[in-house]
Amino acid sequence: MEYLEPFNSYIDMENWKLEPEGEGIIRKLSDMDDMYYDQEAAKESLEEDPIIYEFYTVKVPETASNLLHCISTINPGKIGDEYFMTKGHFHEVEDTAEIYLTLSGEGQMVMETPEGEASVIEMKKGSISYIPPYWAHRTVNTGDKPLVFFAVYRGDAGHDYGSIEEKSMAKIVVEEGGEVSIKDNPNY
Ligand code: PAN
Ligand code: ZN
């Protein structure tokens, strides 16, 4: 039997960097501009093309018996009145859950089933958000500083962005009169 050696990684709790850095993905607005409901605002913001979020994953074998884990940072900001957010995805292996532990900042986790049932729950420092099997999930930063969370999920879960790239998600999170407001997506 060949055993995987136990090991540590670290989160620098001051600037939220993973050490060692792991595998990083940076997403700019141009990677997901058609997901924002206000397409005119998205087009305008494309000139600047801000970094919306980045995430860094600890390298482990992507098998059902391992647990992938990563740290995600969503920057504060809005496209029109819609807050910066992740693309969102189903897992390729749909029957796999995930846990998000929020380390800093404030946000909302937008979820939906393949049938379109929606659920939105808060994220704040110390919240442990449970994403049950089958639910698509997207994270939205509603605060004025970075939203940082640690996620753990089955190694072979995979990411299926397909249907969300096509029609985004049922609920959007916007600022209305200085307040966070959850609305039906007019383009869904
Ligand atoms: C997270 C997400 C990460 C980035 O690790 O992959 O926050 O979001 P998108 O994958 O939607 O761009 C996760 O849910 N993994 O399964
Ligand atoms: Zn996931």
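The values are calculated or read from the model by the stated rules, or taken from the named source; none is laboratory data. Values in this document were obtained by computation on a predicted structure and should not be read as measured data. With ideal geometry, Cβ positions are generated from the backbone for all residues, glycine too; neighbour counts draw on all protein chains shown. We work out accessible area using only protein heavy atoms, side chains counted, and drop any ligands, DNA or RNA first. Shrake-Rupley method; radii C 1.70, N 1.55, O 1.52, S 1.80 Å.
Residue-by-condition table, conditions (1) open to solvent by less than 20 Å² (accessible area, probe 1.4 Å); (2) within 16 Å of ligand 2 (Cβ to nearest atom); (3) under 22 Å from I25 (Cβ atoms):
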| residue | (1), (2), (3) |
| --- | --- |
| L67 | no, yes, yes |
| I74 | yes, yes, yes |
| T102 | yes, yes, yes |
| T113 | yes, yes, no |
| Y130 | no, yes, no |
Being within 25 Å of D34 (Cα to Cα), in contact with a strand residue (DSSP E or B) (Cβ under 6 Å, 6 or more places away or on another chain) and surrounded by 14 or more Cβ atoms within 10 Å (Cβ to Cβ) is true for just one of E106, E175. Which residue is that?
E106
Looking at G158, G143, G126, which is the one that is away from ligand 2 (no atom under 12 Å from the Cβ) and surrounded by 14 or more Cβ atoms within 10 Å (Cβ to Cβ)?
G143
Inspect all residues belonging to the stretch 141-156 and state whether any of them is of a type in the set (K, R) and either free of Cβ contacts under 8 Å to residues at least 60 places away in the same chain or in contact with a Lys or Arg (Cβ under 8 Å, 6 or more places away or on another chain) (or both).
no
When every residue in the stretch 12-24 that is open to solvent by less than 70 Å² (accessible area, probe 1.4 Å) and in a strand (DSSP E or B) is compared, the one nearest to I182 (Cα to Cα) is G24
Scan the stretch 51-60 residue by residue and report those that are open to solvent by 30 Å² or more (accessible area, probe 1.4 Å) and farther than 15 Å from V152 by Cβ.
I51, E54
Strands (runs of 3 or more DSSP E) within the stretch 66-175 that include 2 or more residues under 30 Å from P6 (Cβ atoms):
67-74, 98-104, 128-131, 136-141, 147-154
Would you check if F7 is surrounded by fewer than 11 Cβ atoms within 10 Å (Cβ to Cβ) and either away from ligand 1 (no atom under 13 Å from the Cβ) or assigned to a strand (DSSP E or B) (or both)?
yes
Given the criteria within 30 Å of F7 (Cβ to Cβ), within 16 Å of ligand 2 (Cβ to nearest atom), among the aromatic types (F, W, Y) and in contact with an Asp or Glu (Cβ under 9 Å, 6 or more places away or on another chain), does Y56 qualify?
yes
Qualifying residues in the stretch 76-88 (those that are open to solvent by 10 Å² or more (accessible area, probe 1.4 Å) and small (G, A, S)) - the one nearest to ligand 1 (Cβ to nearest atom):
G77
